[in-house]
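Contents: one structure, followed by commentary.
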Amino acid sequence: MSDPLFDEDDEANTPLTEEERDQLIPTYITLRRELNEAEQINISSAMKRLSARKRDVINDQFLRDLHKRMFDQVWRWAGTYRTTPRNIGIEAYRIPTEVRQLVDDVRFQVEHETYPPDEIAVRFSHRLVSVHPFPNGNGRHSRLAADLLAVQLGQRHFSWGRINLVDPGETRKAYITALRSADQHDIQALMAFARS
């Protein structure tokens, strides 16, 4: 079965530029599943380091540091905002301003209890992934950030369908459908998916 490393698929992976691809750190990686495995090991390590600390998730520097921790053993650009266009997300030059605005908005929502804690965290994840600040890993980053925010707000981590959402499948399709509903300002499906 073929497993080309940088083949594009319209649902699971953000296409990388040639320059971004050249920033891959492990030299042994030649297949997509090897990349997914290396990234998951890196993310698991980051999660262990994060679990023992109190943190302020609603902070743009923390969000960059979180992405770096999640992918620093795999990508040299980990934790660095993208500078190239994507088929999703906003224009690259707007990323720093939009992330700061998101952080300010979520701080306001928390302070004024605009929504219940779960909804604040899910809305945070959705908006962060829609900005698409990094070359890759945006979905995993936004979900982990939402988990950390939920805990900061006194809630449990989300389950996000209880499966790896990187690999194509029915759970991934349900997640994409929920994201698209949220894009149309209906957050209920994404909230339900986050706790499924």
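Readers should treat all values here as calculations from the given coordinates under stated rules, not as data from a laboratory. For clarity, every value in this text was computed on a predicted model and none was experimentally measured. Quick reminder, even Gly has a Cβ in these numbers, built from the backbone with ideal geometry, and neighbours come from all protein chains shown.
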- prompt: Taking only DSSP H segments of four or more residues, each worth -39500 (n - 2.57), what value at 222 nm results for the chain once the sum is divided by all its residues, to the nearest 500 deg cm²/dmol?
  reply: -17000 deg cm²/dmol
message: Per residue of the range 183-196, what does 6.51 cos²θ - 1.76 cosθ + 1.60 with θ = phi - 60° give for ³J(HN,Hα)? Whole Hz please, x for Gly and Pro, Karplus curve as stated.
response: 4, 9, 6, 10, 7, 4, 5, 5, 5, 5, 5, 4, 9, 7
- prompt: Considering the alpha-carbon set of the chain alone, what are its Rg and its Dmax in angstrom?
  reply: 16.1, 53
Coil-residue trypsin sites (Lys or Arg not before Pro) of the range 114-196, DSSP, other Cβ within 10 Å capped at 11: ARG156
message: If the reach is capped at under 28 angstrom between alpha carbons, list the lysines near LYS173, excluding any in the same chain fewer than eight residues apart.
response: LYS68
query: Hey, rough spin-label estimate for GLN23 and GLU119, points 7 angstrom out along Cα→Cβ, what's it come to in nanometres?
result: 3.7 nm
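What is the extension gain from GLN155 to LYS48, computed as 0.36 nm multiplied by their sequence separation minus the C-alpha to C-alpha distance, in nm to one decimal?
Residue separation times 0.36 nm, minus the Cα-Cα distance, leaves 36.7 nm.
In nm, what is the difference between 0.36 nm times the number of residues separating LEU5 and THR97 and their Cα-Cα distance? Before the final figure, lay out the partial values.
Values: separation 92, 0.36 × 92 = 33.12 nm, distance 3.24 nm.
Gain on extension, LEU5 to THR97, equals 29.9 nm.
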